[in-house]
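**Student:** Mind looking over this structure? Questions follow.
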Amino acid sequence: MESDRQYAQRQVRQFKTDSVAQIVGSGLGHSKLLVSRVKRDTPNHGFATPAQPDAVFSVLVQLRSQERRELYLDDKLVHQGSFQERTVSVVNHWHRPKANLLSAFDTIIFTVPQSELNEVAKDQGVRPVETLFCEHEGRIDETVWGLAQSLIPALERPDEVGLMYAERVLLASTVYFAHAFGRMKQGVYKSHNLSPNQVHRAMELMRDQIEADLSLSLLSSELDLTPRQFIQAFRRTTGETPDSWMRHQRVEQAKTLMRLTTTSMSCIATRCGFRNERQFTRIFTAMVGVTPNVWRKHVLH
């Protein structure tokens, strides 16, 4: 069975890059959600072609202008020219896309399987999206630009991103793509809160596994909800997203350990579910306003 890493690498194998950063998470069904950043600082890359036709779409966001490029679909030239910074485009892999990348590039690529679009439509109670479409010359879409920007810090520090955050943003992205590029109708979605028992169960699971990198798929399945239903109901009930609530719990536990023990900062970071001391310091400082060392010194004196 193909691992997440193998799947992610396969989706960008056609690019000869200076750097690649990727995040992969679980979708609503069994499909994978993937975002990649591919970057090359020198021109004349040549052709980039997916290995084989597949029921997958690529939603591309240009982080820098590409002055010269060509796009072929089914061996027919459909676009020749430039893609300016912020341009968003969509490619259907069934059309055997082939891009001649003549300029340097820095691009965010959302990989969207047709199977995930089907699950999104099912979750919202509407007809499935048959395809995603965008003009060959691309368009400016501020929402997609914002989604891409929100993922850049995580892509720059892939070892520090939490699954809950990544899956939440990727799921929101896929839902938006279905509406914006697939013309999916708005579903009649009945909003509801979590019951007290569901809130207790969700928080208990997160506290018990505070050291783990929990996924939204696991948490939502424990409550017999889809990840989208869980995110919306949890936020409506508590006022926070699940990943934000988890970060607050980790910081509060870290405060307790710093106040009551002499445990080192690196050990506290690990015990509270942070990937490393650097991530712990960054998140703690952003939330509390001072570094962990300063906070501990102040409390102990």
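**Student:** Can you give the log10 of the normalised intensity I(q)/I(0) at q = 0.10, 0.13, 0.20 Å⁻¹, computed with Debye over equal Cα scatterers of segment 171-300?
**Tutor:** At q = 0.10, 0.13, 0.20 Å⁻¹ the computed log10 ratios are -0.42, -0.65, -1.10.
**Student:** Another question, then. Compute the signed sum of charges (Lys and Arg +1, Asp and Glu -1) over the other residues within less than 9 Å, Cβ to Cβ, of VAL61.
**Tutor:** Net charge around VAL61: 0.
**Student:** Over segment 1-99, what percent of the accessible surface lies on carbon and sulfur atoms, probe 1.4 Å?
**Tutor:** On segment 1-99, the fraction of accessible area on carbon and sulfur atoms equals 46 percent.
**Student:** Additional query: Hey, what's the per residue convex hull volume over the C-alpha atoms of segment 179-232, in cubic angstrom?
**Tutor:** Cα-based convex hull of segment 179-232, divided per residue, equals 97 Å³.
**Student:** Apply 1/(1 + (r/R0)^6) to the Cβ-Cβ distance of GLU135 and ALA51, taking R0 = 25 Å, and write down the FRET efficiency to the nearest 0.05.
**Tutor:** Computed FRET efficiency for GLU135 and ALA51: 0.45.
**Student:** Another question about this same structure. Could you give the dipole magnitude of segment 239-301 about its Cα centre, charging the beta-carbon of Lys and Arg +1 and that of Asp and Glu -1, in debye to the nearest 20?
**Tutor:** Dipole of segment 239-301, to the nearest 20 debye: 200 debye.
**Student:** Relative contact order, percent, of the chain when contacts are C-alpha pairs under 8 Å separated by at least 6 residues?
**Tutor:** Over the chain, the number comes to 15 percent.
**Student:** If N is the number of residues in segment 32-117, what value comes out of its Cα radius of gyration divided by 2.2 N^0.38 Å?
**Tutor:** 1.04
**Student:** Another question, if that's okay. Expected output is a single nm value to one decimal: the length gained when fully extending between SER82 and GLU67, i.e. 0.36 nm times separation in residues minus the C-alpha distance. What is it? Don't jump to the answer; show the numbers that get you there.
**Tutor:** Details: separation 15, 0.36 × 15 = 5.40 nm, distance 0.44 nm.
Here the answer is 5.0 nm.
**Student:** Please report, in cubic angstrom per residue, the volume enclosed by the convex hull of the alpha-carbon atoms of segment 92-203.
**Tutor:** Spelled out: Cα convex hull of segment 92-203, divided by residues, is 155 Å³.
**Student:** Using the Kirkwood radius over Cα pairs, work out the Stokes-Einstein diffusion coefficient for the chain at 25 °C and 0.890 mPa s, in µm²/s as a whole number. List each step's numbers first, then the result.
**Tutor:** Details: Rh = 20.9 Å.
Estimated diffusion coefficient is 117 µm²/s.
**Student:** Sticking with this one: Return one whole number: the accessible area per residue of the chain in Å², for a 1.4 Å probe.
**Tutor:** Heavy-atom SASA per residue in the chain reads 50 Å².
**Student:** Nearest 10 degrees, 0 to 90: what angle lies between the long axis of helix 242-260 and the longest principal axis of the chain (Cα atoms)?
**Tutor:** Tilt relative to the chain: about 30 degrees.
**Student:** On to the next question. Kindly rank 262-269, 99-106 from highest to lowest mean number of other beta carbons found within 10 Å of each residue.
**Tutor:** Ranking the peptides 262-269, 99-106 by packing returns 99-106, 262-269.
**Student:** State the Cα centre-to-centre distance between segment 163-241 and segment 1-69 in whole Å.
**Tutor:** Computed from Cα coordinates, the inter-centre distance equals 26 Å.
**Student:** Using helices alone, what [θ] at 222 nm do you get for the chain, with -39,500 (n - 2.57) per DSSP H run of 4 or more residues, divided over all residues and rounded to the nearest 500?
**Tutor:** Mean residue ellipticity, 222 nm, calculated: -13500 deg cm²/dmol.
**Student:** Normalized C-alpha radius of gyration of segment 77-132, against 2.2 N^0.38 Å?
**Tutor:** Numbers: Rg = 14.7 Å, N = 56, 2.2 N^0.38 = 10.2 Å.
Relative to the rule-of-thumb radius for its length, segment 77-132 sits at 1.45.
**Student:** Quick one: angle between helix 114-124 and the longest Cα principal axis of the chain, in degrees between 0 and 90, rounded to 10, please.
**Tutor:** The two axes meet at around 60 degrees.
**Student:** Across segment 1-55, how large is the tail of the calculated P(r) beyond 13 Å, expressed as a percent of all Cα pairs? Please report the intermediate quantities before stating the final value.
**Tutor:** Details: 959 of 1485 pairs.
Of all Cα-Cα distances in segment 1-55, 65 percent exceed 13 Å.
**Student:** Turning to a different aspect of this structure: Relative contact order of segment 1-151: what whole-number percent is it, with Cα pairs under 8 angstrom and at least 6 residues apart?
**Tutor:** Reported as a whole number, the value is 27 percent.
The values are calculated or read from the model by the stated rules, or taken from the named source; none is laboratory data. Computed from a predicted structure; not experimentally measured. Neighbour counts are summed over all protein chains in view; Cβ atoms, including those assigned to glycine, are modelled from backbone coordinates with ideal geometry. Each accessible area value is taken on the protein alone, full model and side chains, heavy atoms only, with ligands, DNA and RNA left out. Shrake-Rupley method; radii C 1.70, N 1.55, O 1.52, S 1.80 Å.
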